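Just so it is clear, none of the values below were taken in a lab; they were calculated from the coordinates. Everything numeric here is computed off the predicted structure, so don't read it as measured data. Positions of Cβ are generated from backbone atoms using ideal geometry, with glycine treated the same way; all protein chains shown enter the neighbour counts.
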Amino acid sequence: MGPAPFRFEPSGGDAVEGQAFSLPFRLLATVIVGGCAFWLAQLWSVGALGSAKTGGLGWFLAGIALMGWTWFHIMTSRTRIDRQGLHQRWIWDKHMAFDDLAFGKLIRVRGLDWLIAPRLYVRTLVGKFAVFYAATPELLADFERLVAELKQARRL
């Protein structure tokens with residue numbers, strides 16, 4: 001049989017949950033998406049989108065819609081660690097059970113956590129992987145502890 005299932009206890013008891021992205025990161029996303037929407041409105045108001053035969057607005061609206069959809073999920077995304085595994089609400093909700101985790105790595109640029117969102121890369125024993133973002137000190141501390149405990153548990 002394979003290795004024993006990995007077990008992890010969150011430091012907050014049953015679960016630790018928090019924002020996936022920091023406030024400065026969310027504000028930056030708001031400025032970028034809002035600026036692009038404003039620019040699109042300006043271009044449209046002066047007739048700079050497309051030619052006399054085509055409006056050209058459709059492709060620009062599709063781009064703004066995708067940016068808006070992503071922005072909404074940046075604003076509302078939350079990450080949770082509970083006894084079953086890792087969870088993140090995102091464009092597609094992410095879940096990774098602890099049972100068959102094989103590898104984890106915390107990727108961050110210290111001092112720039114406000115700009116470059118810290119993330120936990122995890123992979124299962126069969127190679128499935130996922131990335132979970134964290135913006136709160138509690139989540140980051142549990143991410144660091146999870147990586148250390150997983151490394152210890154999976155030493156071969």
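Given the chain, what count of lysine pairs have C-alpha atoms under 25 Å apart, with each pair 8 or more places apart or on different chains?
Details: Lys94/Lys105; Lys94/Lys128; Lys94/Lys151; Lys105/Lys128; Lys105/Lys151; Lys128/Lys151.
Summing the qualifying lysine pairs gives 6.
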* Structure fact -> Under the Karplus relation with 6.51, -1.76 and 1.60 and θ = phi - 60°, whole-Hz ³J(HN,Hα) for the stretch 140-151, x at Gly and Pro, equal 4, 5, 5, 4, 5, 5, 4, 4, 5, 5, 5, 4
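Compute the relative contact order of the chain as a whole-number percentage, counting only Cα pairs closer than 8 Å that sit 6 or more residues apart in sequence. Don't skip to the answer; put the middle values down first.
On the way: 234 pairs, mean separation 46.7, N = 156.
Relative contact order for the chain comes out at 30 percent.
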* Please report Rg over Rh for the chain, where both radii come from the alpha carbon positions and Rh follows the Kirkwood definition. => 1.14
* Per-residue HN-Hα couplings for the stretch 77-91, Karplus 6.51 cos²θ - 1.76 cosθ + 1.60 at θ = phi - 60°, whole Hz, x for Gly and Pro? -> 5, 10, 10, 9, 10, 10, 5, 7, x, 9, 9, 9, 7, 7, 3
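Note down the magnitude of the dipole of the stretch 1-94 about its Cα centre, charges +1 on Lys and Arg C-beta and -1 on Asp and Glu C-beta and zero elsewhere, to the nearest 20 debye. Walk me through the intermediate numbers first.
Details: 8 positive and 5 negative charges, 36 e Å.
Around 180 debye, computed over the stretch 1-94.
Please give the charge dipole size of the stretch 9-156, origin at the Cα centre, charges +1 on K and R Cβ atoms and -1 on D and E Cβ atoms. Round to the nearest 20 debye. Working shown, then result.
Details: 17 positive and 12 negative charges, 97 e Å.
Dipole magnitude for the stretch 9-156 comes out near 460 debye.
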* To do: Place +1 on the Cβ of every Lys and Arg and -1 on the Cβ of every Asp and Glu in the chain, take the dipole about the Cα centre, and give the residue among Thr136, Thr30, Ala41 whose Cα lies farthest towards its positive end.
  => Ala41
* Structure fact -> At R0 = 35 Å the Cβ-Cβ FRET efficiency linking Val109 and Leu57, nearest 0.05, sits at 0.35
* For labels at Phe129 and Arg154 in the simple 7 Å Cα→Cβ model, what's the distance in nm? -> 1.1 nm
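Extension gain Val31-Glu144, at 0.36 nm per residue separation less the Cα-Cα distance, in nm?
On the way: separation 113, 0.36 × 113 = 40.68 nm, distance 3.11 nm.
Residue separation times 0.36 nm, minus the Cα-Cα distance, leaves 37.6 nm.
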* Per-residue ³J(HN,Hα) for the stretch 66-73, Karplus 6.51 cos²θ - 1.76 cosθ + 1.60, θ = phi - 60°, Hz, x for Gly and Pro -> 5, 5, x, 4, 5, 4, 4, 6
* To do: Could you work out how far helix 23-45 tilts from the main Cα principal axis of the chain, as a 0 to 90 degree angle to the nearest 10?
  => 20 degrees
